[in-house]
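To start, the structure itself, in structure tokens.
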Amino acid sequence: MTYKFESDKFAFSDNQLHLLRNKYNFRSFSNSEIHSISIRKGKQVNNWVVLLVLGMAMIGFSIYYALRLHYLLSEGIIRSIYVEEILIPLIPTMLGGYCVYSSVRNGIVATVILNSGKTYNFPLGSLSGNSATELEAYLSESGILKHKFKNEI
């Protein structure tokens, strides 16, 4: 199928919005089902609060474990440290740091609201600058979608 505009996650044809997975259409919405489309700044991940809490929990565990290990060494309870005991706080610290970084990252997001109330957010960070302006030009010039499009950047 030929699309007027295509990205990794969605595409527009003459009269439909197509949701894509690995460049294959898995769901389509006609233009009459779309209530509004907006391009705005927002979170790049959907469940950013869960990701933030998970990252903070991993970092908290790492701090607790490192302080406990330091206490055991300074009191002389243990005399040698194995490599595994050093890696236990390091790996969750790195994973937790990445989770926190991903959860607070903002970028340009396309939001599609359907007439049924369902909302889809598509991060446009993977698009190059030309593609983002092409999407904006397509949506603002498209006859059917022109009155449904808002640029909130």
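Values as computed for the structure displayed
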item	result
Members of the range 109-124 that are within 11 Å of S38 (Cβ to Cβ) and of a type in the set (A, V, I, L, M)	V109, A110, V112, I113
Every residue from the range 38-63 that is in contact (Cβ under 8 Å) with a residue 60 or more places away in the chain and open to solvent by 30 Å² or more (accessible area, probe 1.4 Å)	R40, K41, K43, Q44, V45, N46
Per-region count, the range 38-76, residues under 18 Å from the mean Cα position of the chain (by Cα) and among the small types (G, A, S)	3
Only one of A66, A57 that is of a type in the set (A, V, I, L, M, F, W, C) and at pLDDT 95 or above	A57
Positions within the range 8-37 being in contact (Cβ under 8 Å) with a residue 40 or more places away in the chain, open to solvent by 10 Å² or more (accessible area, probe 1.4 Å) and within 20 Å of the chain's Cα centre (by Cα), in sequence order	D8, K9
Residue check for E84: loosely packed, with under 14 Cβ neighbours inside 10 Å and either modelled with pLDDT of 85 or more or hydroxyl-bearing (S, T, Y) (or both)	yes
Single residue of G107, G117, G96 found to be farther than 30 Å from S13 by Cα and open to solvent by less than 60 Å² (accessible area, probe 1.4 Å)	G96
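The values are calculated or read from the model by the stated rules, or taken from the named source; none is laboratory data. Bear in mind that the values here come from a model prediction, so they are computed numbers and not experimental data. Cβ atoms come from the backbone with ideal geometry, glycine included; neighbour counts cover every protein chain shown. Accessible surface areas use protein heavy atoms only, side chains included; no ligands, DNA or RNA. Shrake-Rupley method; radii C 1.70, N 1.55, O 1.52, S 1.80 Å.
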